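Derivation of every value follows stated rules applied to the coordinates shown; laboratory data play no part. All figures in this text were calculated on a predicted structure; none of them were measured in a lab. Methodologically, a virtual Cβ is constructed for each residue, glycine included, from the backbone with ideal geometry; neighbour enumeration extends over all protein chains shown.
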Amino acid sequence: MTLLWLALAVLLLPALWLLALPLRRASALAKAQRSYEDADHSAEQNLAIYRRRRASLEAARERGEIDDARFDEDHLELERSLLEDTATRATRPLKPAGAGRLMVPITMVAVAVAAFVWYSQQGASGDLALYAVQQEVRQAPDGSPAMMINRLEEEATRQPDNPNVWASLFPLYRDNGQPTQAVAALERLIALEGRQPSLLAQLAQIQFFAANRTLTSEVQALVDETLDKDPREPTILGMLGIEAFDHGRYEEAIDYWRRAVAGFNNPAAAESLRQGIAVAQSRLGQAAPGQTERDQTASGQVAASQNAASQAAANGPGISVRVRLDERLAERVGAGASVFVVARDVAGERPPLAIVRATVGDLPLTVRLDDGDAMSPMAKLSQVAEARLVVRVSPSGQARPQPGDLVGEHAAVPVSAAGVEEAGAPVEVIIDRVVATSSSEADD
C-alpha cells in the first residue's frame, strides 16, 4: 500500500506543477501588460479625430453649408461616437503580480486531499491489500491453506464489506472441510452481492454435501430459487444429477448431467460429468444415443480407469469394519432398511470421509472403508491418521439422521494402508441404541 500512495503522489506532481506555473509567469505577464498599456495611444488618436471632425463641422456652418439645427445634430452624433470609442477601451488598473498568490497553494492542497479522499472511498485499495496478503502466503516457505484462511479472516475483520474477501474465503473453508464456516462466508457474500444464481448454487451445493448428499428442505428451497432465476445453472444441475444417481435414478441423473455439461466453462468439470454419464449408462446397461463403436470403446476406457482408481483406493489407506445389529433391536427394523457405515474425522470438522451403504438384511457385514468411498476429493480417509466410525440404520432410507434411527459408534480408529486386519480382526461396531431426537445425531 505504501508503494501505491507513493505512486499516486508522483502522479499528482505534474498537476500541482501546472497549478504553480502561473505564479512563475505572473511577474513577466504583469510587466508585459503594463508595457502594452503604456504604449497604447488609441485614446489620444480618437480625441484628435474628434477635434478635426468638429472643426470641419464648424467651418461648414460658417460657410452656410449647414444650418444650426443640422450642426447640433451632427455634433451630437460625433460626441456619441467619441464616447463609445473611449468607453470600450477603458481598462482597470493592474493589480500587483503577487495578488492572489495564496490561492495557488490552497488549491494545490485541496486537489491533493480530494484525490486521496476520493481514491480511499472509490478506489481498490482493499483489493490491493487482499492481493498482497494472498501473494505473501503463497510465497511463504510455510504457506498452507490454514495460514491463508487465518490471514483472510484478518482481512475480513478489517474490510467486512469487501465481497472479494468473502469470495476468496468461502472456497478455502469448503475445500478444508469447514462447511459451517463456508456457508457463513457465502451468505455474507450473497448479502453484499445480491442473490445471484451462481452464488445460490454454490450455497446449495455446500449444504447438500454437508447433509450427506441429501436434498434437505433448505437445499431444495435454494435449488428452486436458483432454477427460477436460471434454469440452466450447471452447478445445480450437476448436484441434482448426483442426488438422482445416489438413489438409482440413472436416467434422471444422465439428463441432469447432460444439461450441466452444456453450461460448464470448466473443461475438467465437464469431463468429470461425462465420466459420470458413462457410469450411469453402464448401470442402465445402455450406450448413449448415437454412440459409435469408437465412443463405446472410449466409455470402456473410462470404466477401466475408474476400476483402476478403485483398485488403487482399495490398496491404500483404509479401515476394515465389521457391523452387526444388537439382538435386542432386531425386531425394530425390517431387512430392507438402509444401513450407512460412515467414517468421520475425530474432531468432526470435515464432511464424511467415507460412506458405504447396505441393508439390514446384509448384517452381520464386514466392509473396508477407503478413499474409493469418499464423498468428495477434498475429504478422504487418507488425509487423517484416525477416524471415528458411525453406523446408522435408517428405516426411512434418508441419509440425514431421523428420530427412530438405530446407531452404533466406535471412537478413534487408526487409518493404515492395510487396515487393521493384520492386527487380527476388523474393528467391530455394534448397532445398539436408538436416536431419540433429530438433533442428537445431527452431526453424523
The range 227-274 - Debye-derived log10 I(q)/I(0), Cα point model, q = 0.29 Å⁻¹: -1.03
The range 147-237 - Kirkwood radius from inverse mean 1/r over Cα pairs (Å): 13.4 Å
Label-to-label distance, nm, for residues given as ARG249 and GLN134 (7 Å Cα→Cβ offset): 3.8 nm
Distance (nanometres) between label positions extended 7 Å along Cα→Cβ at ASP432 and GLN275: 4.1 nm
Protection proxy ranking, peptides 198-211, 159-172, 322-335, average beta carbon neighbours within 10 Å, highest first: 198-211, 159-172, 322-335
Ordering of 268-278, 386-396, 58-68 by burial proxy (mean other Cβ atoms within 10 Å per residue, highest first): 386-396, 268-278, 58-68
Gain on full stretching of the segment that runs from THR107 to ARG63 - 0.36 nm per residue minus C-alpha separation: 9.0 nm
Integer Hz, Karplus 6.51/-1.76/1.60 couplings in order for the range 213-223, x for Gly and Pro: 6, 10, 7, 6, 4, 5, 5, 4, 5, 5, 4
For THR366, residues with placed amide H under 5 Å, excluding near neighbours: VAL323
Peptides 74-83, 426-435 ordered by average Cβ neighbours within 10 Å, highest first: 426-435, 74-83
Amide H within-cut-off set for ALA387, under 5 Å, with H built and near neighbours excluded: VAL413, VAL415
